[in-house]
Amino acid sequence: MNLILLGPPGAGKGTQAETISSKHGIIQLSTGEMLRDAVKAGTETGRQAKALIEAGELVPDEMVVGIVSERIDRPDCANGFILDGFPRTLGQASALEKMLDEKGKTLDAVIELRVDDEAMVERITGRYSCSKCGMGYHDKYKQPAKDGVCDKCGSTEFTRRADDNEETVRARLLAYYRSTAPLIGYYFAKDRYNYVDGMAEIDEVARQIEDILT
Ligand code: AP5
């Protein structure tokens, strides 16, 4: 099963991708995560991406299309994948269609997480993750079962993203409406589009997604 999760910053794409991944045994592919890894590793891609990410702007299409194409060829994607944060422009969507075609793969569903923009600022500024395994948390909506200890790996170190401040979030929202929102019509016309209420509680959003997938 190959899926796309669509939605503005903070909509819950990463949160829901983690759940779908463990339930269905398919891989979560976050282009944001891949780019942040490249920044950390100091690669040429990372050097080019850093300033754009911190300004809340999109990186050029060529940069992410190549990364995704190489990543979905790996054996762990044979069972399927969830694209979290890709495609983000009509150019990326048509490159994806072409690459899936060439690799003999299909796109099973596109699911939009519909949310209220103002709530996204609160969600993002309260977000943090485990420094060791990357498990995501929120100050108010998703705390570890034991205070200060990661549920998944037991680490006590947590981190916040450099682009998770109010000013950058507003720039990211703008980039979403300018470049990514047109994908809703694109996938609707291709009969792949579905949506869920991304403002519901995390478990309820997961249940609505399951209804679409089963
Ligand atoms: P990326 O990492 O993809 O960030 P994003 O799209 O802005 O999405 P987020 O990760 O911020 O949000 P999310 O929807 O995953 O929400 P989450 O589940 O964490 O991209 C970062 C940057 O990289 C971009 O700005 C761009 O520069 C670059 N980039 C990446 N891909 C690119 C591409 N394809 N092309 C060009 N540039 C690209 O949830 C947020 C918080 O809310 C969490 O704390 C969570 O616990 C909580 N939460 C989740 N769901 C709920 C709920 N239902 N109720 C209450 N709280 C909830």
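No value in this document is a laboratory result; all are computed from the given coordinates. Note that the structure is a prediction, hence the values are computed from the model and not measured. With ideal geometry, Cβ positions are generated from the backbone for all residues, glycine too; neighbour counts draw on all protein chains shown.
At-a-glance table
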item	result
Whole-Å semi-axes of the ellipsoid equivalent to the chain (Cα gyration tensor, √5λ, descending)	24, 21, 19
Modelled FRET efficiency - R0 41 Å, Lys105 with Asp147, Cβ distances, 0.05 increments	0.45
Per-residue [θ]222 nm for the chain (sum of -39500 (n - 2.57) over DSSP H runs n ≥ 4, rounded to 500)	-14000 deg cm²/dmol
Interatomic Cα distance distribution for the stretch 95-214, bins of 5 angstrom, percent	2, 9, 14, 15, 18, 18, 14, 8, 2, 0
Prolate/oblate/rounded call for the stretch 164-214, Cα gyration tensor, a/c under 1.5 rounded	oblate
In order through the stretch 71-76: 3J(HN,Hα) via Karplus (6.51 cos²θ - 1.76 cosθ + 1.60), integer Hz, x for Gly, Pro	5, 7, 7, 6, x, 5
Restraint check, Lys98/Lys132; Lys98/Lys190; Lys13/Lys190; Lys103/Lys190; Lys23/Lys98; Lys23/Lys152, Cα-Cα greater than 24 Å	Lys98/Lys132; Lys23/Lys98
By average C-beta atoms within 10 angstrom, highest first, the peptides 20-31, 101-112	20-31, 101-112
Relative contact order for the stretch 31-138, counting Cα pairs under 8 Å that sit 6 or more residues apart, in percent	15 percent
Label point at Glu122 placed 7 Å out along Cα→Cβ; residues across the stretch 140-165 whose backbone nitrogen lies under 12 Å	140-141
Pairwise Cα inverse-distance average, inverted: Kirkwood Rh of the stretch 39-98 (Å)	12.7 Å
Cα-based convex hull, the stretch 65-155, per residue volume (Å³, whole number)	149 Å³
Contact order relative to length of the stretch 1-49, as percent, for alpha carbon pairs under 8 angstrom and 6 or more apart	19 percent
Residue-by-residue Karplus 3J(HN,Hα) for the stretch 164-176, coefficients 6.51, -1.76, 1.60, Hz, glycine and proline x	8, 10, 4, 4, 5, 4, 5, 5, 5, 5, 4, 4, 5
Options Ile27, Asn194, Ile212, ranked by Cα towards positive dipole end of the chain, top entry (Cβ charges)	Ile27
The chain: relative contact order in percent, alpha carbon pairs under 8 Å with at least 6 residues between	29 percent
For Lys190, Lys13, order by how many other beta-carbon atoms lie within 10 Å, fewest first	Lys190, Lys13
